[in-house]
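The values are calculated or read from the model by the stated rules, or taken from the named source; none is laboratory data. Because the structure is predicted, anything quoted here is derived from the model rather than measured. FYI the Cβ positions are ideal-geometry reconstructions off the backbone, even for glycines, and counts take in every protein chain you see.
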Amino acid sequence: MQTFHDIASLQQQLGHWRRAGERIALVPTMGNLHRGHLALVDSARHHADRVVATIFVNPLQFGPDEDFERYPRSFDEDCRQLEAAGCDLLFAPAAETLYPNGQSELTRIHVPGVSEGLCGAHRPGHFDGVATVVSLLFHITQPDVACFGEKDFQQLAVIRKLVRDQHFPIDIIGVPTVRDHDMLALSSRNAYLDSQQRARAARLPQLLKQMSERLGAGETIETVLHEGEQILREAGFTPEYLELRNALTLAPAEQASDDAVLLVAARLGQTRLIDNRRLASDS
Ligand code: PAF
């Protein structure tokens, strides 16, 4: 696996591959890789001849009181895992490389609609930061395909709209969430949980499953959401939101049909966890 930190060398190599007629898949990450990221690399390998991963802990997408400084970084181990997973190239720029004139005057991308509400309401500016860096990475690498995890469900919707609105000729692949033995969705932030919290965190996906089954059995959306939030609080979580939305538009779902998705964000101590469950997965 080749590793580049600068844009010119990266683009030279990408140019060689493109002129040879090879399809390029992009896997943007913030590092601290786990099996969820490796599933993205795996999917990328199936959709293209060359896999390009990026590692960049993007300061733009963290709020002033968020965990940018302590976000786990494990570059050497990440490189080892990417190489073993069959990644061809790693682009790991410094912040000065992507944002050479600093962040304050930087042109930013705002994706209206799907970026509002849910995580967008609780993390102001977060999706502008995501859309801005992803758009830059798309311009720099010009991939044919890019892979993102379905765990970040709203992020995936934001990126799909970004690609449509900006006419990027890129296929966006949503890759199913990879879960631990107890169904907890893998996330770099799980590393913040102590052993008691880690055991308790599995209540989140379990609750979504139960709620989905209750909706499937005909209970009202209002009752199931209301009781779901109570159950979360009793289990020691501080819920930020627990909602049923349309999986394409993210508008509130009026019916518990197959195109609906349960979305949750909740804190356990200082750690913010998100998860989702398509109702279609229980039909
Ligand atoms: O999902 C992530 O890890 C990040 O939000 C992304 C897409 C790499 C942008 O920084």
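Observations, loosely collected:
- In region 24-53, the residues that are charged (D, E, K, R) reach residues that are within 13 Å of the ligand (Cβ to nearest atom) and not in a helix (DSSP H, G or I) with C-beta atoms within less than 7 angstrom, at least six apart or across chains, in these pairs: Arg35/Leu186.
- Summed over region 32-68, residues that are within 13 Å of the ligand (Cβ to nearest atom), surrounded by fewer than 18 Cβ atoms within 10 Å (Cβ to Cβ) and assigned to a helix (DSSP H, G or I) total 1.
- Residue in region 267-283 that is free of Cβ contacts under 8 Å to residues at least 60 places away in the same chain and assigned to a helix (DSSP H, G or I) present: yes
Residue-wise test of (1) among the hydrophobic types (A, V, I, L, M, F, W, C); (2) over 16 Å from the mean Cα position of the chain (by Cα); (3) modelled with pLDDT of 95 or more.
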{"residue": "Ser135", "(1), (2), (3)": "no, no, yes"}
{"residue": "Pro143", "(1), (2), (3)": "no, yes, yes"}
{"residue": "Gln154", "(1), (2), (3)": "no, no, yes"}
{"residue": "Val158", "(1), (2), (3)": "yes, no, yes"}
{"residue": "Leu162", "(1), (2), (3)": "yes, no, yes"}
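- Only residues that are surrounded by fewer than 16 Cβ atoms within 10 Å (Cβ to Cβ) and either of a type in the set (Ser, Thr, Tyr) or closer than 23 Å to Glu116 by Cα (or both) were counted across region 132-171, and they come to 4.
- Any hit, region 129-148, residues being over 14 Å from Pro28 (Cα atoms) and either touching a residue at least 60 places away in the same chain (Cβ under 8 Å) or within 12 Å of the ligand (Cβ to nearest atom) (or both): no
- Just one of the listed residues (Gln13, Gln81) is away from the ligand (no atom under 13 Å from the Cβ), of a type outside the set (Val, Ile, Thr), touching a strand residue (DSSP E or B) at 6+ places or on another chain (Cβ under 9 Å) and in a helix (DSSP H, G or I), namely Gln13.
- Residues of region 16-31 satisfying the condition of being away from the ligand (no atom under 16 Å from the Cβ) and at positive phi: Gly21
- Residue match in region 189-203 (condition: touching a helix residue (DSSP H, G or I) at 6+ places or on another chain (Cβ under 9 Å) and within 16 Å of the ligand (Cβ to nearest atom)): yes
- Residues of region 254-271 that turn out to be more than 20 Å from Gln230 (Cβ to Cβ) and not β-branched (Val, Ile, Thr), as a count: 7
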